[in-house]
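Step one of this worksheet: look at the structure below.
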Amino acid sequence: MESSSSDQYIFCTDTLPSDARFLPPLANGLLGWKVYNTTMHMGGIYNGEAGRCHRADIPCPLAVRMDTVEPGSHSYCLDTNTGIFTHTLSTAQVTASQTLYSHRSFGNLMVMEIMLVRQGTEKQPITIDLLTNFRPESKDIVFETGPDYKSGRHIFGQTTAAEYPGGACPTVHLIWTDIPLTLALNEEQSQARWGFILAVADSLESAESWYDKGLSLMAGGSLRSSHEQAWKELWLQSKIEVVGSETLCKALIGCMFYLLSAFQSIHDTTSSFGGVSPGGLSNGGDGQDYWGHVFWDQDIWMYPGIALFYPKLARSVLEYRVRTIDGARDNAQRQGYKGLKYPWESAVSGREVCPEDIYGQQEIHINGDVTLAFQHYLYLTKDISMFTEGQGSQVVWGVADYWVSRVTWSPEDHKYHILGVMPPDEYYYNVNNSVYTNAVAKLSLEFAVELAELLQQPAPKEWKEVAENLKIPFDEEFNYHPEYDGYIRGQPVKQADTVMLGYPLGFPLTPEVRKNDLLAYEPVTDPNGPAMTWGMFAIGWLELNEAERAQQLLTKCFSNIQAPFQVWSESSDGSGAVNFLTGMGGFLQAVLFGYTGFRVQRECLCFNPLLSSDISELCIRGVSYLGNQLDWLLRKDEISIILRGSNSSQNVNSNNLQVVLKASGSKIPLTPGHPVTIPREPGFICKLDLNSSCWPF
């Protein structure tokens, strides 16, 4: 059962979930672990070649549970304010507190702290047991025992199989504080505290350095406080809270916490980020949670909600795709095409590691999804450096070259076709002209031309030619988009597909067509499909000013949230991938881009808020636009915006930032620290821009 807490950021319970998959994950972008699990994972450490590639299981010495001979009561709390999990065991004699965390500032460290506090006045020794099934072994890594280092135990080993022939097998070193079988208060002590650290790195030198760092922080009393400060900094930079629905508020907090946990520190400069997989770093072993691979889930589902607040974390996603260019080029060549073909499932190299060939061969929309993330970043930040010295332009242009080589000209309708694909709706394969695939290809080609113009580089004429003449399936009789050539209305659909034309693609649609697409696919979408689907339908209905219908669809997502720690399952019955960050990303976008109406355009940030009846206020703090931080308070009848100031070296002259109301043409300048309140009236649409005259609607 869940116990009550006045702080909605703290998830508490008296009993742990019966299904161990729903224990809380603790991750920091480099190390990921589910509490009490004997295995953990490290970013970039995979074992197995090609389709057998998976996150390598690493034994976790901190898989320890407290127990006492004397009966006691238990409480378990995940504090998302600080990223700390606490187990409290209370008896008549002692209160024992065990805290666990993956260090937010120093990603190579994990920590366990235990504190015993005597209860009562009896002066006698008190002992607690530390129970563990830890074994210094792994099916993926052949470990050897190294010499102790500063009283810390040390093991090291290498994965057994490289991701591709000739590739490297990474090495892992673990150094940790030895953990005794018992801890005791002697008869003179009223309380005592113990700290245990684990350092994980890819070399002995690095592991020793991190272990030294942990010892130094512990000796100085700042090990925990530095971790808490890092989480505090993240939450100060962004927050999403609602008034009126505690369930929604708690869900949003959980989503944001787990998504942020998948990323490294905003101060990390190592460029070692290994991407975000559907289950995060805490999951993804052999045969589990998509093996820890990186899909379109990262770029389409998880990335937008993070990018709206954290430009540095957004850039790390793009840098991951840049680092895997060679693999993407190899994929294209193997399929007989030019340019870059990003893998359906990616690990470290960018070569295809999907266990089933058909997905890697046919689910090619991921190429456009990757480009869309780059476009979104440019419009949010105007950070040209990502595309010049950051080599982002090579990704965008390489994808464009792929599309040109992948299309087929049809003399019958004088259109380019994309044949033999699997759409996002994976119930179908080897179909022609998937409407989502073709639309995202068209948009990525157009952005390639736009980027070339921006960087004053020549663009091959074929990019524009294919973009302008690529077939976008449309049914004139029913005035809607069929999912692909030959799709029959009423056929079952696995997940959001065609409805994503409106958002996130921003494909031009009339309100009538947008509504017809929603009406066509909502009733035939698998109710047991993946969790992110209903968020896209909700956004569509919000665009059409039908907030209550959107609310009903968004409510469906709550069944994917597993109590008590707000861990998501891929399907509503608890099956599928865990902790399903993809579903969280879709849910988060339904609020961040649905209720707000935010749309990131080339020259402005548009917004058109609409709240459902169960929400009286929606507060979104720390939206990052052109290097400026903005806070938004949305109510039924008004919107308040406050410009906090610059949060980045990419700041673009906040003195020119203004709100423009489309209906009246009124322009309201934003001044740092001074809120602007705008009444919400019929036909309300606004944009935030730098004195731009364009209205991209």
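Any residue at all in the stretch 181-190 that is touching a His at 6+ places or on another chain (Cβ under 9 Å) and surrounded by 15 or more Cβ atoms within 10 Å (Cβ to Cβ)?
Step one: list which residues in the stretch 181-190 are touching a His at 6+ places or on another chain (Cβ under 9 Å), which gives none.
Checked the stretch 181-190: no residue is touching a His at 6+ places or on another chain (Cβ under 9 Å) and surrounded by 15 or more Cβ atoms within 10 Å (Cβ to Cβ).
The test for being in contact with a helix residue (DSSP H, G or I) (Cβ under 6 Å, 6 or more places away or on another chain) and either of a type outside the set (Val, Ile, Thr) or part of a helix (DSSP H, G or I) (or both) holds for ALA531. Condition first: outside any helix (DSSP H, G or I), within 21 Å of PHE387 (Cβ to Cβ) and of a type in the set (Phe, Trp, Tyr). Now tell me which residues in the stretch 278-314 satisfy that. Listed by number, the list holds a single entry, TYR310.
The single condition from (1) closer than 30 Å to GLN551 by Cβ; (2) open to solvent by less than 10 Å² (accessible area, probe 1.4 Å) that VAL242 fails is (2).
Please find, within the stretch 247-269, the residue that is most open to solvent (accessible area, probe 1.4 Å) out of those that are of a type in the set (A, V, I, L, M) and over 18 Å from ASP299 (Cα atoms).
Taking the stretch 247-269 first, the residues of a type in the set (A, V, I, L, M) are 248, 251-253, 256, 259-260, 262, 266.
Checking which are over 18 Å from ASP299 (Cα atoms) leaves us with 248, 251-253, 266.
Working: LEU248: 6, ALA251: 1, LEU252: 1, ILE253: 3, ILE266: 25 Å².
By that ranking, first place goes to ILE266.
For PRO355, state whether it is under 15 Å from the mean Cα position of the chain (by Cα) and more than 22 Å from SER272 (Cβ to Cβ). No, not satisfied.
In the stretch 19-29, which residues are open to solvent by 20 Å² or more (accessible area, probe 1.4 Å) and assigned to a loop (DSSP other than H, G, I, E, B)?
Let us first name the residues in the stretch 19-29 that are open to solvent by 20 Å² or more (accessible area, probe 1.4 Å), namely 19-21.
Within the stretch 19-29, just ASP19 meets the criteria.
Is there a residue being under 23 Å from MET532 (Cα atoms) and open to solvent by less than 10 Å² (accessible area, probe 1.4 Å) anywhere in the stretch 325-342? Yes, there is a match, as at least one residue in the stretch 325-342 is under 23 Å from MET532 (Cα atoms) and open to solvent by less than 10 Å² (accessible area, probe 1.4 Å).
With the structure loaded, tell me whether LEU470 is closer than 16 Å to HIS365 by Cα, aliphatic (A, V, I, L, M) and open to solvent by 60 Å² or more (accessible area, probe 1.4 Å) or whether it fails that test. Can you show your working first?
On the way: closer than 16 Å to HIS365 by Cα: yes; aliphatic (A, V, I, L, M): yes; open to solvent by 60 Å² or more (accessible area, probe 1.4 Å): no.
In short, no.
Conditions tested, residue by residue: (1) over 20 Å from PRO25 (Cβ atoms); (2) surrounded by 20 or more Cβ atoms within 10 Å (Cβ to Cβ).
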site: PHE196; (1), (2): no, yes
site: ALA207; (1), (2): yes, yes
site: SER271; (1), (2): yes, no
site: TYR290; (1), (2): no, yes
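Scanning the stretch 399-408 for residues that are open to solvent by 10 Å² or more (accessible area, probe 1.4 Å) and either under 12 Å from LEU340 (Cβ atoms) or in a helix (DSSP H, G or I) (or both) returns ASP401, VAL404, SER405, ARG406. Once the stretch 305-316 is narrowed to residues that are of a type outside the set (D, E, K, R) and open to solvent by 10 Å² or more (accessible area, probe 1.4 Å), the residue that is nearest to the chain's Cα centre (by Cα) is SER316. In the stretch 409-433, of all residues being of a type outside the set (Lys, Arg) and in a strand (DSSP E or B), the one that is nearest to VAL493 (Cα to Cα) corresponds to VAL431.
In the stretch 574-595, which residues are within 19 Å of ALA262 (Cβ to Cβ), of a type outside the set (Gly, Ala, Ser) and assigned to a helix (DSSP H, G or I)? Across the stretch 574-595, the qualifying residues are LEU581, THR582, MET584, PHE587, LEU588, GLN589, VAL591, LEU592. In the stretch 103-126, the qualifying residues are those that are modelled with pLDDT under 95 and not basic (Lys, Arg), and the one that is surrounded by the fewest Cβ atoms within 10 Å (Cβ to Cβ) is THR121.
Would you point out which residue out of LEU518, LEU509, LEU505 is open to solvent by less than 30 Å² (accessible area, probe 1.4 Å), assigned to a loop (DSSP other than H, G, I, E, B) and aliphatic (A, V, I, L, M)? So that I can check it myself, show each step before the final result.
On the way: LEU518 fails: assigned to a loop (DSSP other than H, G, I, E, B); LEU509 fails: open to solvent by less than 30 Å² (accessible area, probe 1.4 Å).
On inspection, the qualifying residue turns out to be LEU505.
In the stretch 188-277, counting only helices (runs of 4 or more DSSP H) that sit wholly within it, the ones holding 2 or more residues that are out of contact with any helix residue (DSSP H, G or I) (no Cβ under 9 Å at 6 or more places or on another chain) and within 30 Å of PHE558 (Cα to Cα) span 223-237, 246-261. Restricting the stretch 477-490 to residues that are more than 16 Å from ASN430 (Cα to Cα) and in contact with an Asp or Glu (Cβ under 9 Å, 6 or more places away or on another chain), which is surrounded by the most Cβ atoms within 10 Å (Cβ to Cβ)? Among them, the one singled out is HIS481. Name the single residue, out of those in the stretch 431-467 being out of contact with any helix residue (DSSP H, G or I) (no Cβ under 8 Å at 6 or more places or on another chain) and over 21 Å from VAL370 (Cβ atoms), that is least open to solvent (accessible area, probe 1.4 Å). Selected residue: VAL431. For the structure I just gave you, tell me whether ASN516 is in contact with a Phe, Trp or Tyr (Cβ under 8 Å, 6 or more places away or on another chain) and without any contact (Cβ under 8 Å) to a residue 40 or more places away in the chain. Considered against the rule, which asks whether it is in contact with a Phe, Trp or Tyr (Cβ under 8 Å, 6 or more places away or on another chain) and without any contact (Cβ under 8 Å) to a residue 40 or more places away in the chain, ASN516 comes out as yes. Looking at this structure, is SER282 polar (S, T, N, Q) and either without any contact (Cβ under 8 Å) to a residue 12 or more places away in the chain or buried (at least 24 other Cβ atoms within 10 Å of the Cβ) (or both)? It is true that SER282 is polar (S, T, N, Q) and either without any contact (Cβ under 8 Å) to a residue 12 or more places away in the chain or buried (at least 24 other Cβ atoms within 10 Å of the Cβ) (or both).
The values are calculated or read from the model by the stated rules, or taken from the named source; none is laboratory data. Keep in mind that what you see is a predicted model, and the values were worked out from it rather than measured. As a convention, Cβ positions derive from the backbone with ideal geometry for all residues, glycine included, and neighbour counts pool all protein chains shown. The area values use the complete protein model at the heavy-atom level, side chains included, leaving out ligands, DNA and RNA. Shrake-Rupley method; radii C 1.70, N 1.55, O 1.52, S 1.80 Å.
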